[in-house]
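First up is the structure itself, then whatever we jot down about it.
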Amino acid sequence: MVFNPNFRTTDAEDTQANPLLNYLQHQPPEVLARVAQSVSPDIKQIITHNVQGLVGMLPSDNFDIQITTNRENLAGLLASAMMTGYFLRQMEQRMHLDENLGACASLWSDSATGGQTESD
């Protein structure tokens, strides 16, 4: 899962009107590779299942699968997969933040009570 920073849109207006696209195109490949590597296997698995559900999933050992589409539909599929990935990454970060805050709250609670429980 790697973003290709060397791609160029055919419409110069699109690039100028989209600051994120312009920003991505000016990032060093090392930065983009590091971001792509940060995606967890759980997110990759969810996106894989999502895309397979959208295009259909037949066992490749029994079928010679070919998918035909047009540029707009393929762009929509890729945009959907990317948005799903961004959403899942944000939720994964939120989950870790909640876990860390819960652990901090637990430590704070223990220190406030002197490590004693109500049964002590």
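The values are calculated or read from the model by the stated rules, or taken from the named source; none is laboratory data. Bear in mind the structure is a predicted one, so any value in this text is a computation, not a measurement. Cβ placement follows ideal geometry from the backbone for every residue including glycine, while neighbour counts extend to all protein chains displayed. Protein only, heavy atoms only, side chains kept; ligands, DNA and RNA dropped before computing areas. Shrake-Rupley method; radii C 1.70, N 1.55, O 1.52, S 1.80 Å.
Computed quantities for the displayed model
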{"read-out": "Counted charge near C104, where neighbours are those whose Cβ lies closer than 13 Å (Asp, Glu -1; Lys, Arg +1)", "value": "-3"}
{"read-out": "³J(HN,Hα) computed for each position of segment 88-93 - Karplus, 6.51 cos²θ - 1.76 cosθ + 1.60, integer Hz, glycine/proline x", "value": "5, 5, 4, 5, 5, 5"}
{"read-out": "Extended-chain gain in nm, criterion 0.36 nm per residue less alpha-carbon gap, L77 and V51", "value": "8.6 nm"}
{"read-out": "Å² per residue, accessible surface of segment 18-120 at 1.4 Å", "value": "82"}
{"read-out": "Solvent-accessible area of M91 with every protein chain in place, 1.4 Å probe, in Å² to the nearest 10", "value": "90"}
{"read-out": "Value of Rg/Rh across segment 20-120 [Cα atoms, Kirkwood radius]", "value": "1.22"}
